[in-house]
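This report concerns only the one structure given below.
The values are calculated or read from the model by the stated rules, or taken from the named source; none is laboratory data. Nothing here was measured: the structure is a model prediction, and the numbers come from that model. For neighbour counting, all protein chains shown are included, and Cβ atoms are generated from backbone atoms with ideal geometry for every residue, glycine included. For accessibility, only protein heavy atoms count, side chains too; no ligands or nucleic acids. Shrake-Rupley method; radii C 1.70, N 1.55, O 1.52, S 1.80 Å.
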Amino acid sequence: MNTERLECDAPVGVIADTHGTLRDEALTMLEGCGVILHLGDVGSRDQDAAILERLAELAPVHTVRGNVDTAPWAERLPWLLDLVVNGWRLHLVHDIADFAPDTPCDAVLHGHSHKARNEWRDGRLLFNPGGAGRRRFSLPLTLGKLWADETALRGAILHLPL
């Protein structure tokens with residue numbers, strides 16, 4: 001797997017589990033990001049590819065495939081993706097159950113559960129922006145931002161104002 005290297009002076013926007021719904025509030029919160037990462041479950045319909053196109057109007061987008069991404073356009077999405085942002089190794093996967101613990105990375109970015117997570121464990125950031133599309137159970141609608149600079153990798157979970 002090739003690892004793309006990115007230099008980014010702005011925050012990294014992180015979104016997952018849109019399930020065919022991209023809210024205006026999410027777009028507003030992602031404005032000004034240098035890159036946007038979508039962690040899967042974009043949507044299952046043909047027209048859901050437009051979600052990634054709309055995000056790409058804000059910043060370059062990197063996406064992994066989720067279990068509901070079954071439309072023909074989603075076949076081009078990788079199941080796993082490794083990126084290096086400002087020297088920090090990010091491993092993207094939709095479902096953390098598919099993460100191999102021996103993967104060399106500084107952070108595992110995942111979705112699937114719709115439960116936001118911003119936790120350091122064993123020297124590695126485990127980051128799930130939560131679900132930003134359709135509400136699941138009573139979970140809040142959230143997305144995330146990462147700041148990757150020479151001294152630290154920091155994450156924040158942001159609640160959509162709905």
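Of note:
- Matching entry among VAL42, VAL85, VAL35, VAL93 (being open to solvent by less than 10 Å² (accessible area, probe 1.4 Å), within 26 Å of HIS159 (Cα to Cα) and touching a helix residue (DSSP H, G or I) at 6+ places or on another chain (Cβ under 9 Å)): VAL42
- Yes/no for THR63 being open to solvent by 10 Å² or more (accessible area, probe 1.4 Å) and in contact with a helix residue (DSSP H, G or I) (Cβ under 9 Å, 6 or more places away or on another chain): yes
- Verdict on ASP48 being open to solvent by less than 10 Å² (accessible area, probe 1.4 Å), at pLDDT 95 or above and in a loop (DSSP other than H, G, I, E, B): no
- Pair list, Cβ under 6 Å, 6 or more apart: the stretch 11-29 residue of a type in the set (Ser, Thr, Tyr), other residue modelled with pLDDT under 95: THR18/GLY133; THR21/GLY133; THR21/ARG134
- Condition met for LEU143 (open to solvent by less than 30 Å² (accessible area, probe 1.4 Å), assigned to a strand (DSSP E or B), within 23 Å of GLN47 (Cα to Cα) and touching a residue at least 60 places away in the same chain (Cβ under 8 Å)): yes
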